[in-house]
Amino acid sequence: MIVRKDGRENGHLRSLKASFDVFGYTAGSILFEVGNTKVLCSVTMQPGVPPFLKGTGTGWLTAEYAMLPTATNIRTQRESSTMKKNGRSVEISRIISRALRSVIDLPQLGERTITIDCDVLQADGGTRTACITGSYFALEHAVNYWVKTKQLPSSILKDSIVAISAGIYQGTAILDPDFAEDSEIDSDFNFVINKENAIIEVQGTAEKQPVSWDQFEQLKNLALSGAHQLFQFFVSQNISGKTSITPAIVDTQEMSKDKQKKNQSASMFSLANRFPQ
């Protein structure tokens, strides 16, 4: 076992925090923090679909991913100012879209489009996996809201997913590398996994050394463990599946000390206030 820079064991996630309903004008939103990585995900639904789906009765889901200029140590230009899409942002937008479409019954949605907006406020590794996980739970809350307010007749969710990264670092398999580890990593993999431990998507590359099948098996097992930890994080706080909440903040470091606390302060835009009692 190696000594990681933040003192974590190889199979441990960074601390997790989640704050729901952070936007007033979306059906579902979340500020999701994984260590020092912070992402803001929101969900909206509009009538209409792309041209290739018109007349089919089937809906669509798409996602947009972007990093704020000061999300990293060195400021980056906004894509709007360069008038050009960043290749990395496009690639990550596509994986988020694919992952979230896998959990939606698109024919049941009808000719509507769900848009997931993911903005990275602070990047310290694992932004795409944090966005997929955060987006799923924001989507779950949005669907609950749409059903509650009769915008949808019933839930269109057919699965639940999370995403986690794992890699080979100094010859050892580790879970959820931060930026410092990722910068020196031998190989890097991203796993999208559902609640039944089935794989939705895997992205990976051997950046320095080839990955043996034995090492890949270790990475797979770490990813399954990480997915379990993520699902447990949300379930343990009664966040997943609730249709009426006040903004809640939960922290895995506090969970480990049995000091779980929730922020009970009311929000003028909280889902609790928007739902009819």
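The values are calculated or read from the model by the stated rules, or taken from the named source; none is laboratory data. The model shown is predicted, which means the values in this text are computed figures rather than measured ones. Virtual Cβ from ideal backbone geometry, glycine too; neighbours counted across all protein chains shown.
From the list Val49, Val39, Val22, which residue is in contact (Cβ under 8 Å) with a residue 40 or more places away in the chain and under 13 Å from the mean Cα position of the chain (by Cα)?
Details: Val49 fails: under 13 Å from the mean Cα position of the chain (by Cα); Val22 fails: under 13 Å from the mean Cα position of the chain (by Cα).
None of the others qualify; the one that does is Val39.
Kindly establish whether Leu61 is surrounded by 22 or more Cβ atoms within 10 Å (Cβ to Cβ), out of contact with any His (no Cβ under 7 Å at 6 or more places or on another chain), of a type in the set (A, V, I, L, M) and over 21 Å from Ala223 (Cβ atoms). Spelling it out, Leu61 is indeed surrounded by 22 or more Cβ atoms within 10 Å (Cβ to Cβ), out of contact with any His (no Cβ under 7 Å at 6 or more places or on another chain), of a type in the set (A, V, I, L, M) and over 21 Å from Ala223 (Cβ atoms).
Yes or no: Leu139 under 13 Å from the mean Cα position of the chain (by Cα) and under 26 Å from Val235 (Cα atoms)? Here the answer is yes, as Leu139 does meet what is asked.
Is at least one residue of segment 42-53 part of a loop (DSSP other than H, G, I, E, B), modelled with pLDDT of 85 or more and surrounded by fewer than 16 Cβ atoms within 10 Å (Cβ to Cβ)?
Step one: list which residues in segment 42-53 are part of a loop (DSSP other than H, G, I, E, B), which gives 48-50.
The next check asks that each one be modelled with pLDDT of 85 or more; those that pass are 48-50.
This time we only want the ones that are surrounded by fewer than 16 Cβ atoms within 10 Å (Cβ to Cβ), so: 48, 50.
Yes - at least one qualifying residue is present in segment 42-53.
Apart from one condition, Thr172 fits all of (1) at pLDDT below 95; (2) β-branched (Val, Ile, Thr); (3) under 22 Å from the mean Cα position of the chain (by Cα); the exception is (3).
Scanning segment 84-109 for residues that are among the hydrophobic types (A, V, I, L, M, F, W, C) and more than 19 Å from the chain's Cα centre (by Cα), which turns out farthest from Asn194 (Cα to Cα)? Show your work before the answer.
We begin by selecting, within segment 84-109, every residue among the hydrophobic types (A, V, I, L, M, F, W, C); these are 90, 92, 95-96, 99-100, 103-104, 106, 109.
Subset that is more than 19 Å from the chain's Cα centre (by Cα): 106, 109.
Working: Leu106: 18, Leu109: 21 Å.
Filtering first and then ranking leaves Leu109.
Do you know which residues across segment 135-194 are among the small types (Gly, Ala, Ser) and in contact with a strand residue (DSSP E or B) (Cβ under 6 Å, 6 or more places away or on another chain)? Ser135, Ala138, Ala142, Ala163, Ser165, Ala166, Gly167, Ser187 - these are the residues of segment 135-194 that are among the small types (Gly, Ala, Ser) and in contact with a strand residue (DSSP E or B) (Cβ under 6 Å, 6 or more places away or on another chain).
Give the residue, chosen from Leu230, Leu219, that is crowded, with 16+ Cβ neighbours inside 10 Å, at pLDDT 50 or above and over 19 Å from the mean Cα position of the chain (by Cα). Give the steps one after another, and end with the answer.
On the way: Leu230 fails: over 19 Å from the mean Cα position of the chain (by Cα).
Checking each option against the conditions leaves just Leu219.
Please specify each residue of segment 142-157 satisfying the condition of being touching a residue at least 40 places away in the same chain (Cβ under 8 Å), farther than 13 Å from Gly59 by Cβ and assigned to a loop (DSSP other than H, G, I, E, B). Answer for segment 142-157, where residues must be touching a residue at least 40 places away in the same chain (Cβ under 8 Å), farther than 13 Å from Gly59 by Cβ and assigned to a loop (DSSP other than H, G, I, E, B): Thr149, Ser154. All of Gln253, Gln264, Gln209 fail the test of being loosely packed, with under 14 Cβ neighbours inside 10 Å, at pLDDT below 95, more than 26 Å from Thr172 (Cβ to Cβ) and touching a Ser or Thr at 6+ places or on another chain (Cβ under 9 Å), apart from Gln264.
So, of the residues in segment 181-205 that are of a type in the set (A, V, I, L, M, F, W, C) and in contact (Cβ under 8 Å) with a residue 24 or more places away in the chain, which turns out to be farthest from Ser160 (Cα to Cα)? So the residue we want is Phe189.
Any idea which of Asp117, Asp159 is among the charged types (D, E, K, R), surrounded by fewer than 16 Cβ atoms within 10 Å (Cβ to Cβ), under 28 Å from Ser15 (Cβ atoms) and within 15 Å of the chain's Cα centre (by Cα)? Talk me through it step by step, then tell me what you get.
Values: Asp117 fails: surrounded by fewer than 16 Cβ atoms within 10 Å (Cβ to Cβ).
Answer to the selection: Asp159.
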